[in-house]
Amino acid sequence: MNLAFWEAAPASTSGSAVILLHGFPLASGMWRSQLEELSREFRVVTPDLRGHGRSPAPVGSYSMEELAADVIELADRLGITEPMVVGGLSMGGYVALALALAYPRRLRGLMLVDTRAAADTPEAASGRIESARRVLAAGSAAEVIQALVPRLFAASTRQRHPERIEPIVEMMRQTPVHGVAGALLGMAGRPDRRAELGRIDVPTLVLVGEEDEISPPEEARAMAAALPRGRLELVPEAGHLAPYENPAAVSDAMLRFLRDLA
Ligand code: MLT
């Protein structure tokens, strides 16, 4: 799968490459601020996952393992042979976890943002399968987007930066219906990773918006505690889209983590 991507890097860099994976049903553009800030010191790549942004959107279910294999294929294509740092928000975090477990030798560090290690409950999984069916039948993801948007942002973002909401809605509208359905089906089938966290032995930064109601801070705290080298940081004035809602705090936490690794 030939993923589309953005890349930026300083003139010379000796640190690990950093790959940032977006959430559902978004695209690489959600990392614009981190791409700019982190690339002053590190090589940063922000792909559009299969079915999202400008990447191909095949028909079918996209397992998190398959999305992780796409990312490894992109890293190979870009000549990233040294162990890299992979970060992911929400669905991107599910993919980052799948990658960490399947390709441990490719990894130098991990950044899990507003995400979780648990699987869907049976009710949530069947809700997603039903949503995928409706999206395909309607030829539109409007219903999914409408249900998701009110849960994404912190109250402070809605009050102080209402202009930040529309660009995200527009990014979601651009996601092809087969991409939305494929990701919904893949997320519905993802396994519970909690018992496997102990196998991830690279330094891991766990970031979560203080007001994230989709992947709440308690889950992030439990995940950080179960990771042998986990470190938790809460992001103030942020909900589920912390890197977009409070970009300075997230870039700052990531830069501190990346400098410690270097
Ligand atoms: C995301 O932001 O990627 C989604 O909220 C993930 C999910 O629905 O589990």
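Residue 194 - would you say it is within 30 Å of residue 59 (Cα to Cα), in contact (Cβ under 8 Å) with a residue 60 or more places away in the chain and away from the ligand (no atom under 13 Å from the Cβ)? If you could, list the steps in order and put the result at the bottom.
Values: within 30 Å of residue 59 (Cα to Cα): yes; in contact (Cβ under 8 Å) with a residue 60 or more places away in the chain: yes; away from the ligand (no atom under 13 Å from the Cβ): yes.
Considered against the rule, which asks whether it is within 30 Å of residue 59 (Cα to Cα), in contact (Cβ under 8 Å) with a residue 60 or more places away in the chain and away from the ligand (no atom under 13 Å from the Cβ), residue 194 comes out as yes.
Quick check: is even one residue across segment 63-86 closer than 21 Å to residue 240 by Cβ, among the hydroxyl-bearing types (Ser, Thr, Tyr) and assigned to a loop (DSSP other than H, G, I, E, B)? Working first, answer last.
As a first pass, look at segment 63-86 and keep what is closer than 21 Å to residue 240 by Cβ: 64, 67, 86.
Narrowing the set further to residues that are among the hydroxyl-bearing types (Ser, Thr, Tyr) leaves none.
Within segment 63-86, none of the residues are closer than 21 Å to residue 240 by Cβ, among the hydroxyl-bearing types (Ser, Thr, Tyr) and assigned to a loop (DSSP other than H, G, I, E, B).
Select, from 152, 78, 148, the only residue that is touching an Asp or Glu at 6+ places or on another chain (Cβ under 9 Å), in contact (Cβ under 8 Å) with a residue 12 or more places away in the chain and within 10 Å of the ligand (Cβ to nearest atom). Outline the logic, then answer.
Values: 78 fails: within 10 Å of the ligand (Cβ to nearest atom); 148 fails: touching an Asp or Glu at 6+ places or on another chain (Cβ under 9 Å).
Result of the check over 152, 78, 148: 152.
For segment 86-134, enumerate the residues that are surrounded by fewer than 23 Cβ atoms within 10 Å (Cβ to Cβ), among the acidic types (Asp, Glu) and in contact (Cβ under 8 Å) with a residue 40 or more places away in the chain.
120
On the given criteria, is residue 92 within 16 Å of the ligand (Cβ to nearest atom) and either in a helix (DSSP H, G or I) or touching a strand residue (DSSP E or B) at 6+ places or on another chain (Cβ under 6 Å) (or both)? Quick ask: steps written out before the conclusion?
Working: within 16 Å of the ligand (Cβ to nearest atom): yes; either in a helix (DSSP H, G or I) or touching a strand residue (DSSP E or B) at 6+ places or on another chain (Cβ under 6 Å) (or both): yes.
Judged against the criteria, residue 92 is a match.
Kindly provide the set of residues from segment 21-43 that are touching a helix residue (DSSP H, G or I) at 6+ places or on another chain (Cβ under 8 Å), outside any loop (DSSP other than H, G, I, E, B) and among the charged types (D, E, K, R), ordered by number.
37 - this is the single residue of segment 21-43 that is touching a helix residue (DSSP H, G or I) at 6+ places or on another chain (Cβ under 8 Å), outside any loop (DSSP other than H, G, I, E, B) and among the charged types (D, E, K, R).
Taking segment 22-70, which residues are touching a Lys or Arg at 6+ places or on another chain (Cβ under 8 Å) and among the charged types (D, E, K, R)?
Scanning segment 22-70 gives 41, 48, 66, 70.
For segment 223-239, enumerate the residues that are away from the ligand (no atom under 16 Å from the Cβ), within 13 Å of residue 114 (Cα to Cα) and of a type outside the set (Asp, Glu). Give the steps one after another, and end with the answer.
Residues of segment 223-239 that are away from the ligand (no atom under 16 Å from the Cβ), as a first pass: 224-234, 236-237.
Retained after the next criterion (residues that are within 13 Å of residue 114 (Cα to Cα)): 224, 232-234, 236.
Scanning segment 223-239 gives 224, 232, 234, 236.
Looking at (1) assigned to a helix (DSSP H, G or I); (2) within 15 Å of the ligand (Cβ to nearest atom), which is the one condition that is false for residue 99?
Condition not satisfied by residue 99: (2).
For segment 32-85: of the residues being basic (Lys, Arg) and surrounded by fewer than 16 Cβ atoms within 10 Å (Cβ to Cβ), which is nearest to residue 106 (Cα to Cα)? Break it down into steps so the answer makes sense when it comes.
Quick first cut of segment 32-85, residues basic (Lys, Arg) only: 32, 40, 43, 50, 54, 77.
Keeping just the survivors that are surrounded by fewer than 16 Cβ atoms within 10 Å (Cβ to Cβ) gives 32, 40, 54, 77.
Numbers: 32: 24, 40: 23, 54: 25, 77: 14 Å.
Here the answer is 77.
Can you name every residue in segment 21-43 that is in contact (Cβ under 8 Å) with a residue 60 or more places away in the chain, farther than 19 Å from residue 173 by Cα and either within 13 Å of the ligand (Cβ to nearest atom) or of a type in the set (D, E, K, R) (or both)?
Listed by number, the residues that qualify are 37, 41.
Values in this text are rule-based calculations from the coordinates and carry no lab data. Remember, it's a predicted structure, so these values are computed and weren't measured experimentally. Reconstructed Cβ throughout: ideal geometry from the backbone, glycine too, with neighbour counts over all protein chains shown.
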